[in-house]
C-alpha cells in the first residue's frame, strides 16, 4: 500500500449509494434467501455504472500475482457509462434480454449471454416475465472496463429489483465472483471495484483479506488541470481482454519482477497526482506502458505503436494503450499548447493505417460509482 499522505488518502468501505427508500427484503429462491412477494417488488429499475481509466498497476490485480505479492492499481472513473434496465413483464411468460441482439427464452439457462445467464441462475431469478436490457455511451472492448461495469450495473439492478441494496464492497466482490468464478473469465478485480466505488482510487489486492480501497482526494483545481491535459482516442481496433489476459496470466511467473515494479510504481504515481505533477505522471505512464508491452506479444502491435509514437512526436508527454491491450483506447497526457498538433498527427496516422473507427473521446472524471438512475415508485398496472 502506498504511504498515506496526511489528509490525502482515506480508507473507504463504500456505503451503498442506493436510495434509502429501497426496502430491505428477503431474497427469493437463491442460495441465501427465502421467497418474496414478486408482485410487490416488480418495479422498473435503471442503473448506470461508470467506465474507468486505469493509469498504472494494471495486471497486478490478477490472482497469479497478488496471491504472492500485493497488487496495486490506481484508476479514475469517467463520465461515460454502461446502463442496465430491469423491467417486469408479467403478461409475457418469457425472459427477454436486449443488448447487441435480442434473446427471448423460457428459462435463464437457455440464454447465450453468459454473464446474464450466470447472474440470474445464481440469484435464483428463474421466474418468467422479466426484461433486461443494456446500452452504453461507448462500444465494448475499448479498454475502459465496460464488461465489468455491465456486471456491476446488472447486479445492482437485479438486487434493487428485489428490494435489496448492497454496499459498494459487496457489489464489487459479487461482480468479481460472477465474472471470475462463475463465468471463468481470465481477469482480475480492478474494474469491478472501480465501477462500484467510483472516483479516483488506489486499490490494493491482497492474498488474504479484503481489497484495500484508498481514495485519492484532489481539489477542483488539480482535477481540472489533469482533465485539461488528458486526451483519449478510440483506435478503431477492438479485441476481447480475455484473449490478451490469457497469455499474460500464463507468463506471470516469467515476468514476476516486472509485475512487482508495476505494483510498486502506484504509490509514486499517486504522489505525483496529489502534487499536480502532470508531466511526471505522463513520464510514469510511458514507463508503465513499456513494461506492460513486455508481458505478452498480444499487448501491442505495429499499428498501435505507430499511433503512440505519432502522439509523442507531436508533443504529447506520455501515455498508454488502456485495458489489457491489443486495441481499444489510447490515452495521452499533453500540454494544451500541443494538443492540436497531437490530434493532427494521430488523425494522419490513423488515415495512413486505414483505421475508419478512429475517433477522439472527450471525457471528464467523475466521483460517483454505480448509481440507481430510475426506479418506478408504483407497481405497473396491466
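Kindly give Rg over Rh for the chain, based on alpha-carbon atoms, with the Kirkwood expression for the hydrodynamic radius.
So for the chain, dividing Rg by the Kirkwood Rh gives 0.98.
Give the relative contact order (percent, whole number) for segment 199-271; include only Cα pairs under 8 Å separated by 6+ residues. Mind dumping the intermediate values first?
Numbers: 26 pairs, mean separation 17.0, N = 73.
That works out to 23 percent.
Please find the FRET efficiency linking residue 283 to residue 260, where r is the Cβ-Cβ separation and R0 is fixed at 25 Å, and quote it to the nearest 0.05.
Computed FRET efficiency for residue 283 and residue 260: 0.80.
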*What Kirkwood hydrodynamic radius, in Å, does segment 200-246 give when the mean of 1/r is taken over all pairs of distinct Cα atoms and then inverted?*
14.5 Å
*Any idea what log10 I(q)/I(0) is at q = 0.33 Å⁻¹ for segment 45-86, Debye with uniform C-alpha scatterers and no solvent?*
-1.02
*Ascending count of other beta-carbon atoms within 10 Å, so fewest first, for 244, 47, 260, 252*: 260, 252, 244, 47
_Based only on other Cβ atoms within 10 Å, what is the fewest-to-most ordering of 223, 67?_
67, 223
*Please report the relative contact order for the chain, taking Cα pairs under 8 Å with a sequence separation of at least 6, and give it as a percent rounded to a whole number.*
26 percent
*Compute the distance in nm between two label points, each set 7 Å from the Cα along the Cα-to-Cβ direction, one at residue 222 and one at residue 93.*
6.1 nm
*Normalise the Cα radius of gyration of segment 77-123 by 2.2 N^0.38 Å (N = residues in it) and let me know the number.*
1.31
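For the chain, what does -39500 (n - 2.57) per DSSP helix run (n ≥ 4), summed and divided by total residues, give at 222 nm, in deg cm²/dmol to the nearest 500?
Per the formula, -10500 deg cm²/dmol.
Working out 0.36 nm times the residue gap between residue 340 and residue 67, then minus their Cα-Cα distance, what length gain in nm do you get to one decimal?
93.8 nm
If Rh is defined by the Kirkwood formula over all Cα pairs and Rg also comes from Cα, what ratio Rg/Rh do you get for segment 161-254?
Radius of gyration relative to Kirkwood radius: 1.03.
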*Cα gyration tensor of segment 308-382, axes a ≥ b ≥ c as square roots of the eigenvalues: rounded (a/c below 1.5), prolate (a/b > b/c) or oblate?*
prolate
_Förster radius 22 Å - calculated FRET efficiency between residue 180 and residue 297 (Cβ-Cβ, nearest 0.05)_ = 0.35
*Fewest-first sequence of 224, 298, 337, 149 by Cβ atoms within 10 Å of each Cβ*: 337, 224, 298, 149
_Projected area, mean over directions - segment 65-208, Cα convex hull, nm²_ = 8.9 nm²
*Figure the gain on full extension for residue 251 and residue 135 (residue separation times 0.36 nm, minus the Cα-Cα span) and round it to one decimal in nm.*
38.3 nm
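Determine the relative contact order of segment 53-106: mean sequence separation of Cα pairs under 8 Å and six or more apart, normalised by residue count, in whole percent.
Working: 44 pairs, mean separation 13.8, N = 54.
After rounding, I find 25 percent.
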*Could the peptides 205-216, 117-128 be put in order, highest first, of the mean number of other beta-carbon atoms found within 10 Å of their residues?*
117-128, 205-216
*What number, in nm² with one decimal, is the all-direction average of the projected area of the convex hull of the alpha-carbon atoms of segment 269-311?*
3.4 nm²
*Rounded to whole Å, sorted largest first: equivalent-ellipsoid semi-axes of segment 193-333, Cα gyration tensor*: 23, 22, 14
*Quick one: Cα centre-to-centre distance for segment 39-84 and segment 318-382, in angstrom?*
16 Å
*Expressed in whole Å with the largest first, what are the equivalent ellipsoid semi-axes of segment 127-206 derived from the C-alpha gyration tensor as the square root of 5 times each eigenvalue?*
21, 16, 13
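What FRET efficiency do you get for residue 212 and residue 364 if R0 is 22 Å and r is their Cβ-Cβ distance, rounded to the nearest 0.05?
The value I calculate is 0.25.
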*Can you give the Rg to Rh ratio for segment 257-382, taking only C-alpha atoms and Rh from Kirkwood?*
1.11
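No lab work stands behind these numbers, since they all come straight from the coordinates. Given the structure is predicted, the values throughout are model-derived calculations rather than measurements. Every residue, glycine as well, gets a Cβ built from its backbone with ideal geometry; the counts of neighbours run over all protein chains shown.
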